[in-house]
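The structure under discussion appears below in the form of structure tokens.
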Amino acid sequence: MSDSKSEPLDLFKVLLDEKVHVKLRGAREITGRLHAYDSHCNIVLSDAVETIYDTDANDQLISTQKKSEVIFVRGDSVILVSSPNDV
Amino acid sequence: MDQVTNPKPFVKSLLNKRISVRLKFNNTTYEGLLESSDNYFNLSLSNVTEVTYNETDGEVKERVSLGDGKVFIRCNNVLYIRQLSDEELKAIQQQELDEGDVKDQ
């Protein structure tokens, strides 16, 4: 018996072609426009900005940013997907 | 216990309730309204607050609201799911009020 009701993955459907915020393993975050996804949470984003957090020698939090025109994110590193809340 | 509750019905019973989802990593929980779940226990929550805890003493380090929108949590990251009790909800509300006061001053 499969329920035809709402599933968590429906959120991706709503967010297609919208800006999304993806939290990843290894203290990384990516924001970008959602182009494609599948049931494993494999994701293709465009105009993506990846932020990598780290601590320096003095234990201060530092972040570096990388920009990509198009990027494929493997689903197994995804922790959380939301719409960006800094609107 | 005279009645058996299996995992799926249990999570179903939490739909539209305030729950707390503990992650296996990062000393993080997500508190929010459970919107939906599937057979893998992927979750979608709304009105989510991200709570991080200190590694050392387990006290709350930071509470960050993720806004009104829905949030998808991938199943493999989840350690446990539990319902927030009325007392906890009250405590959280009080804390948010207090923080609001501090910001206003």
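The values are calculated or read from the model by the stated rules, or taken from the named source; none is laboratory data. Since this is a predicted model, take the numbers as computed values, not measurements. Using ideal geometry, Cβ is built from the backbone for each residue, glycine included, and neighbour counts are taken over all protein chains shown.
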Do we have A:Tyr37 as touching a residue at least 12 places away in the same chain (Cβ under 8 Å) and surrounded by 13 or more Cβ atoms within 10 Å (Cβ to Cβ) here?
yes
Just to verify a result, which residue in region A:1-56, among those that are of a type in the set (Phe, Trp, Tyr) and not in a helix (DSSP H, G or I), is nearest to B:Leu34 (Cα to Cα)?
A:Tyr37
When you check B:Val64 against the structure, is it outside any loop (DSSP other than H, G, I, E, B), closer than 25 Å to A:Arg25 by Cβ, touching an Asp or Glu at 6+ places or on another chain (Cβ under 7 Å) and free of Cβ contacts under 8 Å to residues at least 60 places away in the same chain, yes or no?
yes
Criterion violated by A:Ser6 - all others in (1) surrounded by 14 or more Cβ atoms within 10 Å (Cβ to Cβ); (2) closer than 22 Å to B:Leu66 by Cα; (3) in contact (Cβ under 8 Å) with a residue 40 or more places away in the chain satisfied:
(3)
Being under 16 Å from B:Thr29 (Cβ atoms) and part of a helix (DSSP H, G or I) is the filter here; which residues of region B:77-95 pass it?
B:Asn77, B:Glu88, B:Leu89, B:Ala91, B:Ile92, B:Gln95
Subset of region A:5-56 that is touching a Lys or Arg at 6+ places or on another chain (Cβ under 6 Å) and at the interface with another protein chain (Cβ under 10 Å from one of its Cβ atoms) - its residue that is farthest from B:Lys12 (Cα to Cα):
A:Cys41
I'd like the residue in region B:1-32 that is aromatic (Phe, Trp, Tyr) and within 12 Å of chain A (Cβ to nearest Cβ) and, out of all such residues, is farthest from B:Glu62 (Cα to Cα).
B:Phe25
Selection from region A:26-42 of residues that are under 12 Å from A:Tyr53 (Cα atoms) and of a type in the set (A, V, I, L, M, F, W, C)
A:Ala27, A:Ile30
If you take the residues in region B:33-54 that are assigned to a loop (DSSP other than H, G, I, E, B) and within 13 Å of another protein chain (Cβ to nearest Cβ), which one is surrounded by the most Cβ atoms within 10 Å (Cβ to Cβ)?
B:Asn42
Only one residue in B:Val21, B:Val71, B:Val11 is touching a residue at least 60 places away in the same chain (Cβ under 8 Å), within 20 Å of A:Gly75 (Cβ to Cβ) and either β-branched (Val, Ile, Thr) or assigned to a loop (DSSP other than H, G, I, E, B) (or both), so which one is that?
B:Val21
Go through region A:57-87 and give me each residue that's part of a loop (DSSP other than H, G, I, E, B) and either more than 11 Å from chain B (Cβ to nearest Cβ) or of a type outside the set (A, V, I, L, M) (or both).
A:Ala57, A:Asn58, A:Asp59, A:Gln60, A:Arg74, A:Ser83, A:Pro84, A:Asn85, A:Asp86
If only one of B:Leu66, B:Leu79 is surrounded by 18 or more Cβ atoms within 10 Å (Cβ to Cβ) and either acidic (Asp, Glu) or at pLDDT 85 or above (or both), which one is it?
B:Leu66
Hey, does region B:25-32 have a residue that's surrounded by 17 or more Cβ atoms within 10 Å (Cβ to Cβ), at pLDDT 90 or above, in a loop (DSSP other than H, G, I, E, B) and in contact with a Phe, Trp or Tyr (Cβ under 9 Å, 6 or more places away or on another chain)?
no
